[in-house]
Amino acid sequence: MPAYSEKVMDHFMNPRNVGEIEDADGIGEEGNPVCGDLMTFYIKVNDNRLSDVKFKTFGCGAAIAVSSIVSEMAIGKTLEEARKITPAVVAKELGGLPKNKNHCSNLGAQALNRAIDNYLEKQGIKVKTRRRREDEDE
Ligand code: FES
């Protein structure tokens with residue numbers, strides 16, 4: 001069994017901000033076809049700031065811990081600051097992840113980014129990052 005930090009175990013056992021925001025301003029979904037894990041992030045935006053972030057994750061323990069810490073880190077941040085929550089930042093904040101679990105931190109950061117993209121698109125703002133990622137997927 002891979003060695004998890006105490007922080008990963010804490011966020012896995014007691015995940016913060018689990019659930020759905022019914023009147024979310026943005027929703028982002030990200031999955032990994034290899035492991036089949038899936039995350040959905042819901043955000044509320046107030047004055048360019050994330051006033052609330054919730055998630056639903058169907059996935060491994062690391063994916064749940066990642067979702068929890070991403071939500072905790074993102075609440076209160078401006079959209080620009082939240083964009084800086086990269087997979088590397090997430091893994092560091094969790095005290096590291098085993099190598100074969102690194103993709104789990106990618107999912108969390110990407111799902112949050114997609115929720116921000118979704119919010120901006122609803123405001124009529126074209127989002128370059130999203131298009132770039134979709135190009136890469138092809
Ligand atoms: Fe795929 Fe963790 S094993 S998200």
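Throughout, read-outs are computed from the coordinates displayed, never taken from laboratory work. Everything quoted here is computed from the prediction, not taken from an experiment. All Cβ positions, glycine included, derive from the backbone under ideal geometry; neighbour counts span all protein chains shown.
Ranked highest first by the average count of other Cβ atoms within 10 Å around their residues, in what order do 42-52, 60-70 fall?
Averaged packing, sorted descending, gives the order 60-70, 42-52.
Mind listing the phi-derived Karplus ³J(HN,Hα) values for segment 100-110, rounded to whole Hz, using 6.51, -1.76 and 1.60 with θ = phi - 60°, and x for any glycine or proline?
Result, rounded to whole Hz: 6, 10, 4, 5, 5, 6, 4, 4, x, 5, 5.
Calculate, in nm to one decimal, what K56 and V34 gain on full extension: separation in residues at 0.36 nm each, minus their alpha carbon distance.
6.0 nm
On a 30 Å Cα-Cα criterion, which of the cross-link pairs K44/K126; K54/K92; K7/K126; K99/K126; K56/K122; K99/K122 come out too long? It would help to have the intermediate numbers written out before the result.
Values: K44/K126 19 Å; K54/K92 21 Å; K7/K126 37 Å; K99/K126 35 Å; K56/K122 21 Å; K99/K122 36 Å.
Distance filter (> 30 Å) returns K7/K126; K99/K126; K99/K122.
Determine the dipole magnitude for the chain: charges of +1 sit on the beta-carbon of Lys and Arg, -1 on that of Asp and Glu, nothing else is charged, the reference point is the Cα centre, and the result goes in debye to the nearest 20.
Working: 20 positive and 22 negative charges, 73 e Å.
Around 340 debye, computed over the chain.
Hey, what do the phi angles of segment 71-88 turn into as Karplus ³J(HN,Hα) couplings, whole Hz, using 6.51/-1.76/1.60 and θ = phi - 60°, x for Gly and Pro?
Coupling constants for segment 71-88: 5, 5, 5, 7, 4, x, 7, 6, 4, 5, 5, 5, 4, 7, 7, 8, x, 5 Hz.
Can you give me the long-range amide H partners of T86? Hydrogens built in the peptide plane at 1.01 Å from N, cutoff under 5 Å, separation of 5 or more residues or another chain.
Result for T86 returns nothing.
Sequence gap at least 6, Cα distance under 8 Å: using those rules, report the relative contact order of the chain to the nearest whole percent.
28
What are the lysines whose alpha-carbon lies under 19 Å from the alpha-carbon of K128, with same-chain residues fewer than 8 places away excluded?
Partners within reach: K84.
With the cut-off at 1.5 for a/c, could you classify segment 1-61 from its C-alpha gyration tensor as rounded, prolate or oblate?
Judged from the Cα gyration tensor, segment 1-61 comes out oblate (a/c at least 1.5, b/c at or above a/b).
So for segment 54-98, considering every pair of alpha-carbon atoms, how many percent are separated by more than 16 Å?
Numbers: 355 of 990 pairs.
Beyond 16 Å sits 36 percent of the P(r) for segment 54-98.
Which of the peptides 100-109, 31-40, 13-22 is most tightly packed, and how do the rest follow, going by the mean number of other Cβ atoms within 10 Å of each residue? Let's see the in-between values first.
Numbers: 100-109: 21.9, 31-40: 15.3, 13-22: 13.6.
Final packing ranking: 100-109, 31-40, 13-22.
Using R₀ = 30 Å, calculate the FRET efficiency as 1/(1 + (r/R₀)^6) where r is the Cβ-Cβ separation of N14 and E121; round to 0.05.
Numbers: r = 33 Å, r/R0 = 1.11.
So the FRET efficiency works out to roughly 0.35.
Net charge near A3: determine it from the other residues with C-beta under 13 Å of the C-beta of A3, scoring Lys and Arg +1 and Asp and Glu -1.
+2
Based on C-alpha coordinates, I'd like the Rg and Dmax of the chain, in Å.
14.1, 46
Tell me, what does the Kirkwood hydrodynamic radius of segment 74-119 come to in angstroms if you use every pair of distinct C-alpha atoms? Please report the intermediate quantities before stating the final value.
Working: mean 1/r = 0.0913 Å⁻¹.
Taking every pair of different Cα atoms in segment 74-119, averaging 1/r and inverting gives 11.0 Å.
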